[in-house]
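*Asks:* Could you have a look at this structure, given as structure tokens, before my questions?
The values are calculated or read from the model by the stated rules, or taken from the named source; none is laboratory data. Since the structure is predicted, the reported quantities are computational estimates derived from the model, not experimental observations. No Cβ is skipped: glycine too gets one built from the backbone with ideal geometry, and neighbour counts run over all protein chains shown.
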Amino acid sequence: MKTHKVLSALVIILLAALFIVSNSSTVLAQSTPQQTDVKEDETNLDTQLYLIVATNQSVDEEKLPASLDGVVKQLRTTLPFKNYRLAATLINRVKNEGRLDLSWIGGPLASAVGSSSAVTPSFSQFKVRMVKLTKNSAGEPVVQMLGFNFGARIPIQVGAVAVSGGVPATNYEPTGLATDISIREGEPVIVGTLNVGPSGDAIILVVSAKRTSR
């Protein structure tokens with residue numbers, strides 16, 4: 001009889017212990033924080049590349065965008081050119097820490113030399129390996145453009161125009177610039193100057209970038 005009571009007590013104690021352990025595991029499982037997904041950076045930037053042609057030729061100088069007033073003032077102070085015209089404006093959107101790569105065919109980037117009125121196109125390419133938002137040593141927001149690369153093939157007339165009105169002989173000569181830069185967000189800056197053609201013209205590269213509002 002006593003043995004039966006002892007066994008019954010042991011069974012009760014064992015069941016109670018199992019119940020306590022089971023409840024403890026449930027509490028621990030409920031208190032374990034759930035792992036949250038890391039949100040992807042969805043910040044985008046609008047980039048603007050301006051190609052300004054500086055020349056001493058007599059041309060009709062167009063009004064440049066107001067956003068480039070500071071750049072034009074700097075150019076007139078530092079470069080000995082009479083006129084400036086905007087050859088191209090390229091606006092593109094790129095993801096933060098993303099890349100940019102575009103190619104296009106445009107009009108002549110240098111003034112025509114000689115009597116030919118034929119319009120010969122130029123071929124250009126603009127690449128940035130990474131566009132990245134960061135901060136400078138003063139804690140100000142800046143945009144890094146790593147692997148900034150601009151290249152163009154400029155048509156250079158190497159032969160006289162035929163009396164019959166034929167097309168003059170033309171060679172395409174490459175020109176370009178590659179660098180890494182950091183710019184203040186939303187502030188146009190001069191990246192570089194490229195001399196092109198026998199006319200003595202120059203292509204001036206101006207770039208800006210800022211976060212999109214939406």
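*Asks:* Output the qualifying pairs, or none if there are none: Cβ atoms under 9 angstrom, residues six or more apart or on different chains, first residue in the stretch 122-140 and farther than 30 Å from V196 by Cα, second residue hydroxyl-bearing (S, T, Y) and part of a strand (DSSP E or B).
*Replies:* T134/S182; N136/S182
*Asks:* Is at least one residue of the stretch 126-141 modelled with pLDDT of 95 or more, in contact with a Leu (Cβ under 9 Å, 6 or more places away or on another chain) and more than 30 Å from D69 (Cβ to Cβ)?
*Replies:* yes
*Asks:* Counting only residues that are within 11 Å of the chain's Cα centre (by Cα) and free of Cβ contacts under 8 Å to residues at least 40 places away in the same chain, how many does the stretch 79-98 have?
*Replies:* Here the count works out to 1.
*Asks:* Look at the stretch 45-68 and say how many of its residues are more than 11 Å from R85 (Cα to Cα), at pLDDT below 95 and outside any loop (DSSP other than H, G, I, E, B).
*Replies:* 3
*Asks:* Answer yes or no as to whether L205 is at pLDDT 95 or above, closer than 20 Å to L68 by Cβ and surrounded by fewer than 17 Cβ atoms within 10 Å (Cβ to Cβ). Spell out how you get there, then give the answer.
*Replies:* Details: at pLDDT 95 or above: yes; closer than 20 Å to L68 by Cβ: yes; surrounded by fewer than 17 Cβ atoms within 10 Å (Cβ to Cβ): no.
Here the answer is no, as L205 does not meet what is asked.
*Asks:* Scanning the stretch 66-91 for residues that are in contact with a strand residue (DSSP E or B) (Cβ under 8 Å, 6 or more places away or on another chain) and among the β-branched types (V, I, T), which turns out surrounded by the fewest Cβ atoms within 10 Å (Cβ to Cβ)?
*Replies:* Only one residue fits best here, namely I91.
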